[in-house]
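One structure below.
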Amino acid sequence: QRRGESLSAVGHGGVDLPQERGTPVRVVSLRGEVGEPEVAFVGEMFGHTVVLRHVVREGTEVKTFVAIHGHLESPAPDLQAGMSVRPGATIGFVGDSGALGVVHLHYEVRLMRAGVDPMRVDPPQHLSHQDVSIPCDPRNVLPFQ
């Protein structure tokens, strides 16, 4: 799950993508997404973190996913919970907050459990807890390219 010589831990639910410090992190649509993603959280989780809420139609079902973008140098200026963001918009910048010296983006996609609204999880840092959401392989929800 981790990429690069110095990224060796596994089993943490996401993928770690080494990039240069300050590289813009942009919104990615999920396959079958309905509408634009919404910012669910901006704050401390995996260092500086931005969490987006994605609503996805899979056949006749509508499911809610969250995408966690962690260890950012900083979120984009003026980014706040409740805002809609367009695909391609910058939501933050790659850094090493919470993982000092290991510059990378932690990207994690999680399926929300039935009946859980990611906009109402309190505290929002619990969005990544097993009783709230289930980790997904991002290859299953990202568009084919």
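The values are calculated or read from the model by the stated rules, or taken from the named source; none is laboratory data. Not measured: the values here are computed from a predicted model. When we count neighbours, we look across all protein chains shown, and the Cβ atoms used for this are built from the backbone with ideal geometry, even at glycine. Accessible surface is based on the protein model in full, side chains and every heavy atom, while ligands, DNA and RNA are left aside. Shrake-Rupley method; radii C 1.70, N 1.55, O 1.52, S 1.80 Å.
Are any residues in segment 72-96 open to solvent by less than 20 Å² (accessible area, probe 1.4 Å) and not hydrophobic (A, V, I, L, M, F, W, C), and if so, which ones?
Selection gives GLY92, GLY95, ASP96.
List the number of the failed condition for VAL103; all other conditions in (1) out of contact with any strand residue (DSSP E or B) (no Cβ under 6 Å at 6 or more places or on another chain); (2) at pLDDT below 95 hold.
Condition (2) is where VAL103 drops out.
Quick one: which strands (runs of 3 or more DSSP E) sit completely within segment 19-64 and have at least 3 residues that are open to solvent by less than 70 Å² (accessible area, probe 1.4 Å)?
38-45, 47-58
Yes/no per residue for (1) aliphatic (A, V, I, L, M); (2) assigned to a loop (DSSP other than H, G, I, E, B); (3) under 18 Å from HIS48 (Cα atoms):
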{"position": "GLY88", "(1), (2), (3)": "no, yes, no"}
{"position": "PHE93", "(1), (2), (3)": "no, no, yes"}
{"position": "ALA99", "(1), (2), (3)": "yes, yes, yes"}
{"position": "TYR107", "(1), (2), (3)": "no, no, yes"}
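Checking the conditions here, which among VAL121, VAL132, VAL103, VAL141 is β-branched (Val, Ile, Thr) and either under 11 Å from ALA67 (Cα atoms) or under 14 Å from the mean Cα position of the chain (by Cα) (or both)?
Just one listed residue meets the conditions, VAL141.
Rundown of residues vs (1) touching an Asp or Glu at 6+ places or on another chain (Cβ under 9 Å); (2) over 19 Å from GLN125 (Cβ atoms), yes/no style:
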site: ALA40; (1), (2): no, no
site: THR60; (1), (2): no, yes
site: ILE68; (1), (2): yes, no
site: PRO75; (1), (2): no, no
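Please tell me if HIS71 is on the phi > 0 side of the Ramachandran plot and assigned to a strand (DSSP E or B).
yes
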